[in-house]
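Take a look at the structure below.
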Amino acid sequence: MQSASRFPRPLAIVGCMLLAPLAVALSLWRGHDPVEHAAALPLIHREDGFAGSQACAGCHVDQHASWSRTFHSTMTQRASPHSVVGAFDGRVVAYEGQEARPFERDGKFFMDLPGKQGRRTAEVVLTVGSRRYQQYFERESRGEDFAFLRLPILWHIEAKRWLHLNTVFLGPDDANWDAHAAEWNENCIFCHTTAPQPRMTNYALPSRREQERFDSEVADLGIACEACHGPGAAHAQAQRDPLRRYAGSFSSAPADDIVNPKRLDQQRSVAVCGQCHGQRLPQPISRVADWLTRGPSFRAGEDLLAHVLPIRRETPVFGPSDPETFSLRFWEDGTPRLTAYEYQGLTQSACYERGELSCNSCHTMHGGDVHGQIEPANRGNAACLQCHEEIARDVPAHTKHRADSSGSACMDCHMPRMVYGVIELHRSHRIENPDPAMAAEKGRPSACTLCHLDKSPLWAARETSRLWDLPLREPTSRADGASLELADSLASILCGDAVQRAAYAAAMGRGEAALAPRDKAFVRVLLAVTLGDAYPSVRWLAQRSLQALERELPLGLAEQLAGIDHTLGAEQRRRDVIACLESLVRLAPGRLAAPAPGLLVTPDFRAELQALITLMNHQERRAIAIGE
Amino acid sequence: MKRDPLQTTLVVGWALLAVSLPLGLTLESLHAMKVPVYLGSELRRELWTLAHAHANLLALLCLAFAAVGERSVPDAQRRGAIARWLWFGAIAMPLGFFLGGVLNSEGDPSLFVLLVPAGGVALLVALVRAALSAR
């Protein structure tokens with residue numbers, strides 16, 4: 001070959017074979033490194049052994065992809081056209097006589113807002129939340145440091161509308177637009193990021209009294225791999241050795257450099273979720289300085305109670321806050337009634353105390369529908385029946401309800417929806433047997449009357465005794481002072497406290513209620529009255545329930561209900577209530593059955609207003625600080 | 001002295017295999033060592049895997065054409081033209097995939113990826129001309 005005489009063939013072959021490895025080495029040396037790129041972003045640290053979720057993605061491709069689909073992954077995000085879901089379209093958002101105007105310019109997001117010295121423009125730099133609603137934060141420079149400040153309106157994702165913060169918590173309307181102002185650096189950061197380090201720079205200085213300053217950093221802005229699996233840098237480094245990896249694959253022992261929550265004992269497994277789904281204080285409280293500087297010390301796999309004190313009804317409030325701040329977050333029997341207390345509820349349950357229940361018994365981070373993150377095999381009754389095999393053999397024999405009714409759905413009786421959060425009602429995570437007498441006396445909703453909306457606590461107590469052959473214990477009084485003969489839903493929505501009213505306003509719109517659609521006339525009247533509730537969040541729930549009932553059995557009210565804006569002032573609310581009640585009087589005859597006696601609605605569908613107002617005068621109107 | 005195009009096609013085929021097989025070994029080593037700068041970029045992984053696969057397959061195509069080209073395309077001039085399209089396509093496509101993963105951003109390959117469609121067109125031309133000229 002002539003070419004061989006010009007260039008030695010062995011050299012050519014070796015050259016060809018070295019070409020690819022050399023090219024790979026050169027390009028990796030100079031190429032884009034996503035792991036380093038993520039670590040170099042503002043707000044991100046790589047301390048305390050944390051490596052960031054990007055470091056996990058290379059090996060755990062499927063797990064990273066399944067986690068990326070969850071709302072945990074997008075809990076906190078930098079504001080960008082990709083992350084912002086609100087309508088920054090320049091339209092005005094009004095509340096209590098003042099206006100905001102969210103708008104977009106050059107791919108950035110702003111809000112024109114009322115301020116103490118006239119109107120101001122805030123640039124949105126951070127978002128929190130991606131499932132139910134999204135909150136927005138601006139960056140305020142404070143000397144060399146900063147703080148992210150919560151802006152006063154949020155975007156409700158399902159309803160596709162702006163809401164003022166004052167309308168989503170458990171308090172009355174408030175013209176103070178800054179009533180729920182908060183700093184991300186000392187609030188949201190703790191549970192809406194991974195490995196938070198608030199780094200309050202002037203914690204011990206007198207200047208803190210003027211303004212708190214931060215240099216906050218986190219390992220990941222979302223709730224990422226290392227929140228549940230612990231710091232991963234050592235694991236990522238060690239697993240680069242293929243001999244170690246393959247040796248590990250032949251061993252059944254858990255890896256000692258990373259945590260798998262499914263292989264932890266029950267207590268440590270629930271602690272992984274409980275570090276956030278269980279509002280808590282540093283343990284001892286003197287460690288609050290560490291929290292605000294270096295961040296919480298708990299790491300997945302550890303004993304949570306060695307680091308924190310989960311807040312319970314009897315937990316004392318430190319500092320100048322309302323001494324009832326914590327106790328109001330629980331029903332009188334100690335059951336949590338706000339979200340982010342699921343750990344407390346679960347650990348109060350017999351299934352946890354005497355069984356093997358953990359969060360992983362039902363939930364998964366890497367499979368199934370991202371809404372609720374329930375393991376697909378555990379949907380419906382399956383989650384409970386995996387342990388309660390004797391009930392599985394004949395469910396109606398246990399429930400005393402028809403097999404296809406909600407009375408035979410384990411969770412509707414044992415985990416009723418009586419927990420408020422993000423303007424919705426969620427299931428209680430204290431798994432327990434219904435006790436209508438206790439519920440009435442302690443002022444909490446009863447699983448029975450959340451479905452049997454027309455029944456009283458006395459009826460519920462007697463039926464419970466009769467059906468399950470239990471000793472009869474009737475309630476002696478209601479916590480709110482109303483008559484025990486009244487339907488529980490009626491008394492609770494009118495004179496209960498904020499969470500009771502919210503719980504029943506939401507329950508009244510559910511399809512699984514034990515009433516035929518045409519028997520819900522009194523429910524519609526009560527919800528119409530509740531459109532005038534003092535709390536905007538209760539009004540919101542009442543309006544949505546009325547709309548649900550309208551979809552269930554249309555009366556021709558859909559347009560009227562859609563036109564109601566629950567955030568408008570008292571005078572407009574009064575007009576809405578009257579208009580809705582009048583519409584029901586006009587449209588219900590012939591379509592709905594006349595209400596039974598005792599439900600405070602006349603046979604011609606008129607509200608017995610005087611009786612209703614008398615009950616409402618007993619209403620407990622104390623605001624509840626929910627810490628959201 | 002002018003080289004026989006089929007002889008050159010043979011050299012291109014063997015050379016491509018000589019480059020591509022070590023590339024495969026290198027990529028496997030990066031997996032074995034869990035090198036984050038490689039594993040962390042899904043785009044780069046995909047592009048380099050495609051480079052490896054295309055280089056191997058197109059090398060085999062070159063070797064096949066070198067073996068049967070004279071018989072299936074009797075016209076020497078046409079055979080030479082087809083061979084030149086084939087060389088370009090067989091080199092440009094894997095090179096484009098590989099260089100697309102070099103100096104790339106997080107979301108897009110580098111502009112060298114344009115070699116891929118150029119190589120694809122060249123291969124298509126070679127294929128059509130070979131089909132038309134086939135005996």
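Every read-out reported here was derived from the displayed coordinates using simple, explicitly stated rules and does not represent laboratory data. This is a predicted model, so every value here is computed, not measured. No Cβ is skipped: glycine too gets one built from the backbone with ideal geometry, and neighbour counts run over all protein chains shown.
The angle between the Cα long axis of helix A:498-507 and the longest principal axis of the Cα atoms of chain A comes to about 90 degrees, rounded to the nearest 10. Backbone amide hydrogens, once placed in the peptide plane, bring residue A:44 within less than 5 Å of A:218, excluding anything fewer than 5 places away on its chain. The base-10 log of I(q)/I(0) for region A:434-616, evaluated at q = 0.08, 0.10, 0.18 Å⁻¹, reads -0.23, -0.36, -1.14 [Debye formula, identical scatterers on Cα atoms, solvent excluded]. Working value for region A:21-87: equivalent-ellipsoid semi-axes of 26, 15, 14 Å, each the square root of 5 times a Cα gyration tensor eigenvalue, largest first.
In this rough spin-label picture, where each label sits 7 Å from Cα along the Cβ direction, the residue A:516-residue A:400 distance is 2.4 nm. With the helix formula -39500 (n - 2.57) applied to DSSP H stretches of n ≥ 4, chain A reaches a computed 222 nm mean residue ellipticity of -9000 deg cm²/dmol.
Remark on chain A: Rg and Dmax equal 28.3, 112 Å (Cα only). Is region A:76-181 best put as rounded, prolate or oblate by its Cα gyration tensor, with a ≥ b ≥ c the root eigenvalues, rounded for a/c under 1.5, and otherwise prolate when a/b is larger than b/c, oblate when not? Rounded, since a/c falls under 1.5. Would you work out which of A:250, A:72, A:471 lies farthest towards the positive end of the dipole of the protein assembly as shown? Charges go on Cβ: Lys and Arg +1, Asp and Glu -1. The residue sitting most towards the positive pole is A:250. Ordering A:365, A:377, A:285 by the projection of their Cα atoms onto the charge dipole of region A:259-391, which places +1 on the Cβ of Lys and Arg and -1 on the Cβ of Asp and Glu, puts A:285 at the extreme positive end. Counting only Cβ charges, +1 for Lys and Arg and -1 for Asp and Glu, the dipole size of region A:571-628 around its Cα centre is about 80 debye. Among A:337, A:466, a tally of other beta-carbon atoms within 10 Å of each Cβ gives an order, fewest to most, of A:466, A:337.
Once R0 is set to 60 Å, what does the formula 1/(1 + (r/R0)^6) return for the Cβ-Cβ distance between residue A:285 and residue B:32, expressed as a FRET efficiency to the nearest 0.05?
The computed FRET efficiency comes out at 0.75.
Equivalent ellipsoid of region A:366-507: semi-axes from √(5λ) of the C-alpha gyration tensor, largest first, are 27, 20, 11 Å. The base-10 log of I(q)/I(0) for region A:1-158, evaluated at q = 0.10, 0.13, 0.14 Å⁻¹, reads -0.58, -0.81, -0.89 [Debye formula, identical scatterers on Cα atoms, solvent excluded].
In terms of its C-alpha gyration tensor, region A:549-628 has an oblate overall shape, because the principal axis ratio a/c (a ≥ b ≥ c, square roots of the eigenvalues) is not below 1.5 and a/b does not outweigh b/c. The residue list A:483, A:29, A:612 was ranked by how far each Cα lies along the charge dipole of chain A toward its positive end, using unit charges on Cβ atoms, and A:29 comes out on top.
Rank-order A:410-416, A:540-546 by packing density, defined as the average count of other C-beta atoms within 10 Å over each peptide's residues, highest first.
Put in order of decreasing packing, that is A:540-546, A:410-416.
Averaged over peptide B:12-25, the number of partner chain Cβ atoms lying within 10 Å of each residue's Cβ comes to 4. Computed over region B:19-84, the quotient of the alpha carbon radius of gyration and 2.2 N^0.38 Å is 1.61. Here chain B is described by how far its Cα atoms reach on the three principal axes: 52, 27, 25 Å, from widest to narrowest. Counting neighbouring beta carbons within 10 Å and listing from fewest to most, the residues A:454, B:108, A:519 come out as B:108, A:519, A:454.
Mind checking A:558-571 for the average number of partner chain beta-carbons within 10 Å of each residue's beta-carbon?
Average per residue, whole number: 0.
Taking trypsin sites (Lys or Arg not before Pro) across region A:92-137, the ones in a DSSP loop with at most 10 further Cβ atoms lying within 10 angstrom of their Cβ are A:116. Across peptide A:34-41, the average count of Cβ atoms from other chains found within 10 Å of a residue's Cβ is 3. Placing +1 on the Cβ of every Lys and Arg and -1 on the Cβ of every Asp and Glu, with no other charges, gives region A:385-480 a dipole of roughly 180 debye about its Cα centre.
Once the C-beta distance of residue B:70 and residue A:246 is scaled by a Förster radius of 51 Å, the resulting FRET efficiency is 0.55 to the nearest 0.05.
Note on region A:259-391: Cα-only Rg and Dmax are 16.3, 52 Å. By the count of other C-beta atoms within 10 Å, a proxy for reagent exposure, A:61, A:499 are ordered fewest to most as A:61, A:499. Let a ≥ b ≥ c be the square roots of the eigenvalues of the Cα gyration tensor of region A:484-571; is it rounded (a/c under 1.5), or, if not, prolate (a/b larger than b/c) or oblate? It is oblate, given that a/c is not under 1.5 and a/b is not larger than b/c. Centre-to-centre, using Cα atoms only, region B:69-86 and region A:375-426 are separated by 74 Å. From the alpha carbon centroid of region A:24-53 to that of region A:68-119 is 30 Å.
Spin-label model, residue A:294 to residue A:47: label points 7 Å out along the Cα-to-beta-carbon direction sit 0.9 nm apart.
Count the net charge of all other residues whose Cβ sits under 12 Å from the Cβ of residue A:227, scoring Lys and Arg as +1 and Asp and Glu as -1. Local charge sum for residue A:227: -1.
Mind checking the dipole of chain A: about its Cα centre, +1 per Lys or Arg Cβ, -1 per Asp or Glu Cβ, Debye to the nearest 20?
Charge dipole, chain A, about its Cα centre: 1020 debye, nearest 20.
Spatial offset of region A:156-229 relative to region A:562-585 amounts to 35 Å, using the alpha carbon center of each.
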